[in-house]
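What follows is a single structure, written as structure tokens, with notes after it.
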Amino acid sequence: MQKKLRLKPFVIPVVYTILVIGLLVGTYVATKDFSKEEDTFQYVSNTILDNEVPVMNTEVTIMKPFSSQNVTISKNFYDNQDNEENQQNSIIYHENTYMQNSGIDFTSNEAYDVLSILDGEVIEVNQEELLGNIVTIRHSNDIISIYQSISEVSVKKGDHVTRGQIIGKSGSCELNKEIANHLHFELSIKGQIVNPTNYFDKKLSDL
């Protein structure tokens, strides 16, 4: 005589519960779009180099304020220690007045580009009746360069310029009108007007 298999009363509810849970989980997995999951990571694109501040290389040399090969000196810087002939060539005569030249006058038959001798900031751009257009640039190491008699000024006050950048073109002024086309260039180091000739091609580390 065969015995009938009887399930215990709690088995059927448990089976139904498992089936329902499986159905719900399968539906969730089938409908969930994992590709749209929000990315909770924050990516950093900056590098440690982004905050670096450029520093002028002390091996950089002071260049001449021009690159043209046709430029010559028409008047030298007046040096108290120089010989009499050079001192005479460094005197400016204007309206019955003799003045010692505080810079160098570079002349050429044709207008030429005037260049910044170093990286720096333009601290003044103005025009005077006797001196014409004037551009003054402050550099590191307490160096200030002054460019007078400029035409076609290419910079303005507050501009940051680089070594060799064109800041204008040579021109003329009333004070040295007999020279015609030229650049009057002055150089100040640590508050002292100096002879630019002694500093061209000189390294900043040597100052």
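The figures follow:
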quantity	calculated
Extended-chain gain in nm, criterion 0.36 nm per residue less alpha-carbon gap, ILE91 and THR72	5.1 nm
Distance-filtered residues of segment 66-85 - backbone nitrogen under 16 Å, label point 7 angstrom along GLU110 Cα→Cβ	67-72
Length gained when the stretch THR162-ASP142 is fully extended (0.36 nm per residue, less Cα-Cα span)	5.6 nm
Order of ASP105, ASP82 under a 10 Å beta carbon neighbour criterion, fewest first	ASP82, ASP105
Stretch gain in nm, segment ILE193-GLU121, where the contour uses 0.36 nm per residue and the Cα spacing is subtracted	24.0 nm
Alpha carbon convex hull of segment 71-207, projected area averaged over orientations, nm²	8.3
Gap separating the Cα centres of segment 124-142 and segment 79-104, nearest whole Å	21
Net charge of neighbours whose Cβ lies under 15 Å from the Cβ of SER102, counting Lys and Arg as +1 and Asp and Glu as -1	-4
Residues of segment 92-122 with amide N under 16 Å of a point placed 7 Å along Cα→Cβ from ALA180	106-112
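Laboratory data are not the source of any read-out in this text; all were calculated from the coordinates shown. In this text, all values refer to a predicted model and were calculated from it rather than measured experimentally. A quick note on method: Cβ atoms are made from the backbone with ideal geometry, for glycine too, and the neighbour counts reach across all protein chains shown.
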